[in-house]
Amino acid sequence: QVQLVESGGGVVQAGGSLRLSCAVSGSILRINGAGWYRQVPGKQRELVATIARGGSTNYADSVKGRFTISEVNVKNTFDLQMSSLKAEDTAVYYCNVDVIDRFSGDFNNYWGQGTQVTVSS
């Protein structure tokens with residue numbers, strides 16, 4: 001099994017910054033990619049940013065230039081640095097990873113439990 005532990009959510013004023021972190025542990029041979037998604041009540045979960053093995057990144061248009069996804073020096077930890085936050089960034093943010101299982105070799109996808117980000121205007 002694989003566990004994802006998210007941290008860093010909270011309340012921030014518009015224009016401020018937050019850093020979310022996702023620590024991945026468990027039966028991992030390799031992480032092929034990771035991403036951050038967000039969801040507000042009544043709406044579908046949407047992609048915020050992804051990072052592939054090798055480091056290539058992809059961002060939603062709404063966050064380009066303001067958010068940065070990265071794999072930190074601590075292995076299997078992925079951060080989302082969020083700057084110039086807006087009220088419309090308020091959501092529950094979820095970490096997602098694609099993992100090759102260490103023992104079975106299976107390709108699996110996992111979600112974190114979510115962390116609330118609230119931007120006050």
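The values are calculated or read from the model by the stated rules, or taken from the named source; none is laboratory data. The shown structure was predicted, so the numbers you read here are calculated from the model rather than taken from an experiment. For neighbour counting, all protein chains shown are included, and Cβ atoms are generated from backbone atoms with ideal geometry for every residue, glycine included. Surface areas here come from the heavy atoms of the whole protein model, side chains and all, with no ligands, DNA or RNA. Shrake-Rupley method; radii C 1.70, N 1.55, O 1.52, S 1.80 Å.
Structure data summary
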{"quantity": "Cα shape, the range 12-56, gyration tensor, a/c 1.5 rule", "calculated": "prolate"}
{"quantity": "Virtual spin-label span in nm between residue 39 and residue 17, 7 Å along Cα→Cβ", "calculated": "3.0 nm"}
{"quantity": "Percent accessible area from carbon and sulfur atoms, the range 60-121, protein chains only, probe 1.4 Å", "calculated": "47 percent"}
{"quantity": "DSSP beta bridges in the chain [antiparallel fraction, %, rounded to 5]", "calculated": "90 percent"}
{"quantity": "1.4 Å probe accessible area per residue over the range 1-75, in Å²", "calculated": "58 Å²"}
{"quantity": "Solvent exposure, largest accessible area first (probe 1.4 Å, DNA, RNA and ligands not counted), of 86, 64, 43, 75", "calculated": "75, 43, 64, 86"}
{"quantity": "Range of Cα positions in the range 49-92 per principal axis (Å), largest first", "calculated": "32, 18, 17"}
{"quantity": "Net lengthening on full extension, residue 64/residue 27 (0.36 nm per residue, minus Cα-Cα)", "calculated": "10.0 nm"}
{"quantity": "Residue-span extension gain [residue 46 to residue 102] - 0.36 nm each, minus C-alpha spacing", "calculated": "17.3 nm"}
{"quantity": "P(r) histogram, all alpha-carbon pairs of the chain included - 5 Å bins from 0, percent", "calculated": "2, 12, 23, 24, 19, 11, 6, 3, 1, 0"}
